[in-house]
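Encoded as structure tokens, the structure appears first; notes follow it.
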Amino acid sequence: MEILVCMSVVPDTTTKITFSDNNKTFNKTGVQYIINPYCELALSKAIELSEKHNANVTVIHVGGNQNDPIIRKALAMGAHQAIRVDAEPKDGQFVAREIAEYAKTKSFDLILSGRESIDFNSGMVGNLVAAYLDLEHANVVTELDVDDNNLICIRDIDGGREKLAIKMPASASAQKDLIEPKIPNMRGIMQARTKPLHVIAPSVAENVGNIQNYELPKGKQEVKLFDTDEVANLIDVLKNDKKLF
Amino acid sequence: MSILVFAESQNNKFKKSTFEAISYAKDLATLLDLECIVTCPAETENLEILSQYGADKIITHQSDELRIFTPTRYAEMIYKTAAAHTCKHVIISQTYAGKAIAPIVAAKLNYAIVTGIIDFPTQEEELVVTKTVFSNKAYAKVHLPKENLVMTIVPNSYELKQQKGQGSIVNHTFTSSSHVLTKSIEIMKSKGKVPLTEAEIVVSAGRGLKGAENWSMIEELADLLGAATACSKPVSDMEWRPHSEHVGQTGITIKPDLYIAIGISGAIQHLAGVGSSKNIVVINTDKEAPFFKAADYGIVGDAFEVVPKMIEALKNSQS
Ligand SMILES: Cc1cc2nc3c(=O)[nH]c(=O)nc-3n(C[C@H](O)[C@H](O)[C@H](O)COP(=O)(O)OP(=O)(O)OC[C@H]3O[C@@H](n4cnc5c(N)ncnc54)[C@H](O)[C@@H]3O)c2cc1C
Ligand SMILES: Nc1ncnc2c1ncn2[C@@H]1O[C@H](COP(=O)(O)O)[C@@H](O)[C@H]1O
């Protein structure tokens, strides 16, 4: 079985977000970059499947060479090889087209991605890759296994969860709870140095961003405090002034 | 030319987020001088209500294939309708279903897609909308292409607007041109009375509650308010509450009208999921808790004293 994992690289979750150049550019100085947490789950799941079903795991990332050390981390976790499409991605459709173009040249049984990247929160790349390849895609999966050419998974739906089976080749994107993220061990880290990391040129797609500038949330007004014996007043404000219920 | 909106329903009833999406589409249609078309499977009850929110035309699709929600089938219904009626804009609410469908529609129509939209476009030389980025820690202003565009709108971002309209209803039969390879095995409904992602009021509690056994007062408060319940990450990690209630950067993102946070410190990762709630009430023993900086109203006090008082005050105000 061949598994492809789409991986994005994002600022660490504790990063203080600031912008420069008239709020047009995200300030990368001093920012620690990590594997996108949802991709970490997808990757950990792929590695678990590879141990269980003897699969081969390829990681693909669309990005610049500054991310190579982070791709090595994915290899240290247990991926067998990595592909980097050498381009600074500006939009999700570009990324998805590049991944789909690569995937067309191979035959993957399963394509895994994260539910969203925590930087731009687009939540589209995994779905788009599947659509470009005419595969069925399960969004936001919290459980996943492979059984007899079927992908069996549980996904979040509005108001609950759904268990479903998809004939492979198929695609899915990871939601929290899918698996405990794997932590690379010393042996993995040593092996990662010699695992193949192929750099390929972008093939076709147009890469144009549409972001004009950024804004930070406006500071809230000072909180209005109520004393513990004024609880009824608070309820009154919420109910009668703000009409919230 | 027209704008197309997908009308999503649950248990055969349209969702509030659907009415928001139609209100949005109708206003955009008016701005761009287009017709507002709404599409959905034929089974749904009360189709007329769609015109009250601005549907000029309602195109329903009769098909057994649409009885169970499958993203590829629903997407096909939408992109075929868009193609048949030259809809250069497609608007979809950003629910779980919407997130699954919208990229497929964009890929098949070869349209651009902008997700996470939280406001109506401002008009400069181009249309510009706001989208959340960095998990609600910032916003981006995004240029919209003039046409050939799929937009997903975050629920609870746009006012409902009632219109006088009398939209015509046209019924089509739908047959999928492909085999669907997805089989739904089981649907497990979540236990809460109000689904968290759709709730207008959310009562949430954290580690300050000390143990799973103390949640009955949280549930009682939520019941009185018709609210959904949520929790912080450690609470679901310790299995005091189910994972489906975990909100924050690694959990669910919500934007209710009212978020009541009880015994939650307000860590940056927690705020990432709830910080854009319209009104935030914080109850915490520690007046230095970071959550107070993100709150509109607060009580510095012990949850075990304050929550029962809230319950009592609510009961008094309702009787
Ligand atoms: C990568 C990463 C992702 C994360 N993602 C999330 C996420 O998605 N969601 C999330 O919630 N967290 C997340 N976290 C964890 C987050 O950093 C905090 O640790 C967590 O939110 C704290 O939960 P808490 O506020 O319930 O607990 P605590 O921080 O322990 O706070 C408990 C609060 O209760 C107050 N308190 C104590 N007793 C009482 C009482 N009797 N009455 C009233 N108040 C009382 C205390 O003063 C304190 O402020 C993440 C962390 C990391 C590193
Ligand atoms: N630059 C990228 N390279 C590879 N995969 C990506 C990239 N960006 C996004 N993805 C994948 O798509 C998922 C959703 O990302 P997004 O659509 O950016 O929110 C991520 O979790 C990744 O699996």
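Read the figures in this text as sums done on the coordinates, not as results from a lab. All values derive from a computational prediction rather than experimental measurement. Counting neighbours? That spans all protein chains shown, and the Cβs are built from the backbone with ideal geometry, glycine included.
Observations on the structure shown:
- Going from the residue with the fewest nearby Cβ atoms within 10 Å to the one with the most, A:GLU101, A:GLU230, B:GLU45 rank B:GLU45, A:GLU230, A:GLU101.
- Radius 11 Å from Cβ of B:VAL307, net charge of other residues (Lys, Arg +1; Asp, Glu -1): -4
- Antiparallel DSSP beta bridges within chain A, percent to nearest 5: 40 percent
- Within the range B:222-319, the GluC sites (Glu not before Pro) that combine a DSSP coil assignment with at most 12 other C-beta atoms in a 10 angstrom radius are B:GLU239, B:GLU288.
- Listed residues B:ASN316, B:GLY263, B:SER276: farthest to the positive end of the dipole of the range B:256-319 (Cβ charges): B:SER276
- When the trypsin sites (Lys or Arg not before Pro) in the range B:117-180 are filtered for DSSP coil states and for at most 14 other beta-carbon atoms within 10 Å of their beta-carbon, the remaining sites are B:LYS146, B:LYS164.
- From its DSSP helices (H runs of at least four residues, each -39,500 (n - 2.57)), chain B gives a residue-normalised ellipticity at 222 nm of -8000 deg cm²/dmol.
- Count Lys and Arg as plus one, Asp and Glu as minus one, and take only other residues whose Cβ is under 9 Å from that of A:GLY123; the net charge is then +1.
- Estimated dipole of chain B in Debye, rounded to 20 [Cβ of Lys and Arg +1, of Asp and Glu -1, Cα centre]: 420 debye
- Where N is the number of residues in the range A:1-113, Cα Rg divided by 2.2 N^0.38 Å: 1.13
- Share of Cα-Cα pairs in the range A:37-79 lying beyond 16 Å, as whole percent: 34 percent
- Helix B:96-109 axis, angle to chain B major axis (alpha carbon atoms, nearest 10°): 30 degrees
- In terms of surrounding Cβ atoms within a 10 Å radius of their Cβ, A:THR194, A:THR15 rank from fewest to most as A:THR194, A:THR15.
- Euclidean distance of C-alpha centroids, the range B:46-99 and the range B:155-200, integer Å: 9 Å
- Within the protein assembly as shown, DSSP assigns beta bridges of which about 35% are antiparallel (rounded to the nearest 5).
- Sorted by Cβ density within 10 Å, fewest first, the residues B:ARG207, A:ARG193, A:ARG84: A:ARG193, B:ARG207, A:ARG84
- Against the empirical curve 2.2 N^0.38 Å, the C-alpha radius of gyration of the protein assembly as shown lands at a ratio of 0.97.
- Per-residue [θ]222 nm for chain A (sum of -39500 (n - 2.57) over DSSP H runs n ≥ 4, rounded to 500): -7500 deg cm²/dmol
- The trypsin sites (Lys or Arg not before Pro) of the range A:1-62 that DSSP puts in a loop, and whose beta carbon has at most 16 other beta carbons within 10 Å, are A:LYS16, A:LYS24, A:LYS28.
- Rg/Rh for the range A:71-220 (Cα atoms only, Rh after Kirkwood) is 1.00.
- Cα centroid separation - the range B:227-264 against the range B:286-311, whole Å: 16 Å
- Charging the Cβ of each Asp and Glu at -1 and of each Lys and Arg at +1, and nothing else, the dipole of the range B:164-319 about its Cα centre rounds to 460 debye.
- Here the range B:196-318 has an Rg and Dmax of 12.8, 38 Å, counting Cα atoms alone.
- Size descriptors for chain B (Cα atoms only): Rg and Dmax, in that order, 21.3, 61 Å.
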